[in-house]
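The values are calculated or read from the model by the stated rules, or taken from the named source; none is laboratory data. Just so we're clear, the structure is a prediction, and the values are computed from it rather than from any experiment. A quick note on method: Cβ atoms are made from the backbone with ideal geometry, for glycine too, and the neighbour counts reach across all protein chains shown.
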Amino acid sequence: MGTAWLFLIPGVALFATFVLGPLIFSFRISFYDWNIINSGDSIWVGLENYARALGDPIFRRAVLNTAAYALVTVPAQIALGLGVAVLLNQAIRGKSLFRVLYYLPVITPWVIVSLIFEFIFIGQGGLANYFLKDVLHVTDQNIRWLADPILTFVPIFLLGIWKGVGWTAIIALAGLQAIPRELHEASSVDGASPWARFRYITLPLMRPTLVFLTVVLTIGGFNAYISNLLITNGGDPLDKTHFILTLMYEATFTRLDFGYGAAISYLLMFFVLVMSIFQIQLLRRRVEL
Amino acid sequence: MTISPRTRSRAARAFVYALLILGVVIVTLPFWYTVVTSLKPQAFVFEIPPRLWPSPATISNYVEALTKENFGLYFLNSLFVATVATGLTVVIAAMMAYAFARLEFPGKEVIFYGLLLGMMIPPVMLIIPQFIIAKNLHLLDSLTGLIVVYISMNLSVQTFLLRGFFEGIPKSLEEAALIDGASQWVIFRRIALPLVRPGLAVVAIFTFLYSWDEFPWAHVAIKETSKRTLPIGIALFQSAHLTEWGQVFAASIVAIVPVVIVFAVFQRHFIRGDVGSGMKG
């Protein structure tokens, strides 16, 4: 019994100091007008930080932006990732090469891919505008993607989808491979078309994987941060383009309003928790129908 | 007119390849454009029409980035932080996972569920208190401060993962050693650890990728130029020199190489199963 603690102490000590402790500490900070220089001088304000956030139009806009990001990028990643997984599950050559290539965006640091997308969407001389204006002729002047409070989300959303498809595909592929081959063979003998087999065999059996992907990708979507920070400089123009976390970051480390930042982060965790439970309930229930 | 099944299956296969290759082109085009831009002289970065082949080509961006700018130093900092964090995470997570899988102690379930809580917390929400704690422990502006946080942030998932691997080992091996009078530490070290090597590889991959990629904590904790890691160095360089994309991308390409190597070497271990679960980058 004494030995067990020798195995546990290093990990438990680190986890308690840098994860569990901060989690509790942060909760406490969220009820104070926190003084960073001398924490003893912090003033208890009760729920005021929370009330301020919920009443703040910039925060509300950030919640909408983040929700829109999740709403667009999660289904897109699942649809495309599932498509890639179905293709990779066929008897083809070069499977591991394809897997590595599709996985390339996943392993590339967020900072780098964010800068790549910013560069592609630059107004003057960017690849995206060249393609739309001079190749496809769908517009006759350069679109100023990065200066517009709505259009700036085009590169951010596309980046989110592009970076996540490889991961989604690998998880979906593992789910596909767990489906017994005999089921497909039997139904194909019975004359079911490939689409019917996908719709009535693959999809229902993939439900646990799809639930998992929806929940994990939504959590990831609500925690999106770096792409927005680099592409919009954290909220430009006029604080209209924030995500929840870029706003939290700005409140905390630019305005040094630690209590407000902590309240925002707890609101985020609350959203994410409620949403995960809701999604799991909803998607599970459909299985029984 | 009838189409033979053979022709049809050949056409279907060609269609599968065509779609896969189209996907690969879309996925890799931004990388290709990055490489091409990193090889263009500054005057050609915004050439119209933009060319997907660098002509003229130059390696001067790489030379500038690695010598005049501090990217060489940032690279070494990143390499040091990622390597040490990975090594220590593998050891510490394996020890904890072994205790949860094989040893009995009071409060086992409570501690394990406490640890699982760590998998559900959005990492950025811990930054505020982590900053205050690190400040009190004098860990700001130090690579050690990055390492301890990276290990801590990875412990939940990796312990959870390795526990499964340890539970998959037949108990008889350890029982035989126990009868021979070996201590738990010796059994862990000599018998159990070598048997979970594939699991350790997965832990190594994910911790390395995480530490190499991590931006928010390093951005907050490091202010001193000489202690920056690559993501911070690249982001700050870009915001200070808005137009020098050639150098930004030269540094970026250099920063991508190690993760591609680590991934290519270890990928067969993790693609086999769904062990990527819950470890999204």
Determine which single condition B:Arg102 fails, assuming it passes every other condition in (1) within 13 Å of chain A (Cβ to nearest Cβ); (2) under 23 Å from the mean Cα position of the chain (by Cα); (3) buried (at least 16 other Cβ atoms within 10 Å of the Cβ); (4) at pLDDT below 95. (2)
Which of the residues that make up region B:112-131 are more than 21 Å from the chain's Cα centre (by Cα) and more than 7 Å from chain A (Cβ to nearest Cβ)? B:Phe112, B:Tyr113, B:Leu117, B:Phe131
Kindly indicate the residue of region A:1-38 that is within 7 Å of chain B (Cβ to nearest Cβ) and touching a residue at least 40 places away in the same chain (Cβ under 8 Å) and also farthest from B:Pro123 (Cα to Cα) among those meeting that condition. A:Ile29
Search result, residues across region B:1-54 that are assigned to a loop (DSSP other than H, G, I, E, B) and not hydrophobic (A, V, I, L, M, F, W, C): B:Thr2, B:Ser4, B:Lys40, B:Pro41, B:Glu47, B:Pro49, B:Pro50, B:Arg51, B:Pro54
Members of region A:59-89 that are within 22 Å of A:His242 (Cα to Cα) and of a type in the set (Gly, Ala, Ser): A:Ala62, A:Ala67, A:Ala68, A:Ala70, A:Ala76
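If you go through region B:53-70 one residue at a time, do you hit one that is acidic (Asp, Glu) and over 30 Å from A:Gln124 (Cα atoms)?
no
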Residue within region B:201-217 that is free of Cβ contacts under 8 Å to residues at least 60 places away in the same chain and more than 26 Å from A:Phe271 (Cβ to Cβ) present: no
When the residues of region B:162-199 are filtered to those that are surrounded by 21 or more Cβ atoms within 10 Å (Cβ to Cβ) and among the aliphatic types (A, V, I, L, M), which remaining residue is nearest to B:Phe266 (Cα to Cα)? B:Val196
Index of the failed condition, B:Val220 passing every other in (1) within 26 Å of B:Val91 (Cα to Cα); (2) surrounded by fewer than 22 Cβ atoms within 10 Å (Cβ to Cβ); (3) in contact (Cβ under 8 Å) with a residue 60 or more places away in the chain; (4) at the interface with chain A (Cβ under 7 Å from one of its Cβ atoms): (1)
For region A:166-191, enumerate the residues that are among the β-branched types (Val, Ile, Thr) and farther than 12 Å from A:Thr209 by Cβ. A:Val189
List pairs: first in region B:131-147 and assigned by TED's automatic domain parsing to the domain that holds B:Ala221, second of a type in the set (Lys, Arg) and surrounded by 18 or more Cβ atoms within 10 Å (Cβ to Cβ), Cβ under 7 Å, 6+ apart or cross-chain? B:Asp141/B:Lys227; B:Ser142/B:Lys227; B:Leu143/B:Lys227
Can B:Val90 be described as modelled with pLDDT of 95 or more and assigned to a helix (DSSP H, G or I)? yes
Which members of region A:94-106 meet the condition of being farther than 12 Å from A:Trp162 by Cα and either modelled with pLDDT of 95 or more or at the interface with chain B (Cβ under 7 Å from one of its Cβ atoms) (or both)? A:Phe98, A:Arg99, A:Val100, A:Leu101
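May I ask you to say which residue of A:Gly191, A:Gly234, A:Gly221 is in contact with a helix residue (DSSP H, G or I) (Cβ under 7 Å, 6 or more places away or on another chain) and assigned to a loop (DSSP other than H, G, I, E, B)?
Of A:Gly191, A:Gly234, A:Gly221, the one residue that is in contact with a helix residue (DSSP H, G or I) (Cβ under 7 Å, 6 or more places away or on another chain) and assigned to a loop (DSSP other than H, G, I, E, B) is A:Gly234.
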Kindly indicate the residue of region B:61-80 that is of a type outside the set (D, E, K, R) and free of Cβ contacts under 8 Å to residues at least 24 places away in the same chain and also farthest from B:Glu214 (Cα to Cα) among those meeting that condition. B:Val63
Considering only region B:138-166, state which residues are more than 15 Å from the chain's Cα centre (by Cα) and either of a type in the set (Val, Ile, Thr) or more than 21 Å from B:Ile92 (Cα to Cα) (or both). B:His138, B:Leu140, B:Asp141, B:Ser142, B:Thr144, B:Val148, B:Thr159
